[in-house]
Amino acid sequence: MKWLLVIPHFLVLCFLLLADLVMTVVAFFTILISGRYPRPIFDFSDRASP
C-alpha cells in the first residue's frame, strides 16, 4: 500500500524536471542575448536539478 505514495512524488518530480528543462532553454537564450545567467533561473535550476 505504501507504493501508492510514490505516484504523487513521481508526478511532482516529473513536473520539476519539465520546468527545469524549460528554464534551461530560457536561460540559454538569455545568455545569448545579454551575456549573463539570470540569478533567479540559476537558483531555480540549482534547487530543481537532481
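Between the helical axis of 39-48 and the dominant principal axis of the chain, each derived from Cα atoms, what acute angle in degrees is found, rounded to the nearest 10?
On a 0 to 90 degree scale, this one is about 20.
So between Y37 and L11, what do we pick up on full extension, going 0.36 nm a residue minus the alpha carbon distance?
6.5 nm
With angles folded into 0 to 90 degrees, how steeply does helix 6-34 sit against the dominant principal axis of the chain? Use alpha carbons for both and round to 10.
Here the helix axis deviates by roughly 0 degrees.
For every helix of n ≥ 4 consecutive DSSP H residues, a contribution of -39,500 (n - 2.57) applies; sum these over the chain, divide by its total residues, and give [θ] at 222 nm rounded to the nearest 500 deg cm²/dmol.
It comes out at -26500 deg cm²/dmol, rounded to the nearest 500.
Report the gain in length on full extension from F28 to D46: 0.36 nm times residue separation, minus Cα-Cα distance, nm rounded to one decimal.
Extending this stretch completely gives an extra 5.0 nm.
Every read-out reported here was derived from the displayed coordinates using simple, explicitly stated rules and does not represent laboratory data. All of these numbers come straight from a predicted model, not from anything done at the bench.
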